[in-house]
Amino acid sequence: MYQVYYLGLFYHNIFKSPFCKFPEEVRKIMYTTNIIEGFYRQLRKVTKSKTIFPSDEELEKMLYLVTMNVLKKWTVQILRNL
């Protein structure tokens, strides 16, 4: 009983937060922006650890592999939520 009451208060307070007061269209843009920033963070993490690439082709290969890994993680998360 206590847990249900606590969760009810918790979720009720979430909807009072300033973020939820934005219109739905604005919230969708914010979610999308966070996803894009996370993707760029992954790309920067890989390129920052190896500052010199022998060629542009090597850099493109590395970025391609990072992109494939990120897409694989996103696909797994989508399948778990179904």
(request) For region 35-63, name all the residues that are surrounded by 12 or more Cβ atoms within 10 Å (Cβ to Cβ), more than 15 Å from the chain's Cα centre (by Cα) and not in a loop (DSSP other than H, G, I, E, B). (result) Val46, Thr47, Glu58, Leu59, Lys61, Met62, Leu63
(message) Considering only residues that are modelled with pLDDT of 80 or more, exposed (fewer than 11 other Cβ atoms within 10 Å of the Cβ) and aliphatic (A, V, I, L, M), which ones fall in region 64-82?
(response) Met68
(message) Pull out all pairs, ordered by first then second residue, where Cβ-Cβ is under 7 Å, the residues are six or more apart or on different chains, the first lies in region 55-82 and is under 14 Å from Gly38 (Cα atoms), and the second is modelled with pLDDT under 90 and part of a helix (DSSP H, G or I).
(response) Val66/Gln42; Val66/Leu43; Val66/Val46; Val70/Phe39; Val70/Gln42
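The values are calculated or read from the model by the stated rules, or taken from the named source; none is laboratory data. Keep in mind the model is a prediction, meaning the values are calculated, not measured. Glycine gets a Cβ as well: all are built from the backbone with ideal geometry, and neighbour counts include every protein chain shown.
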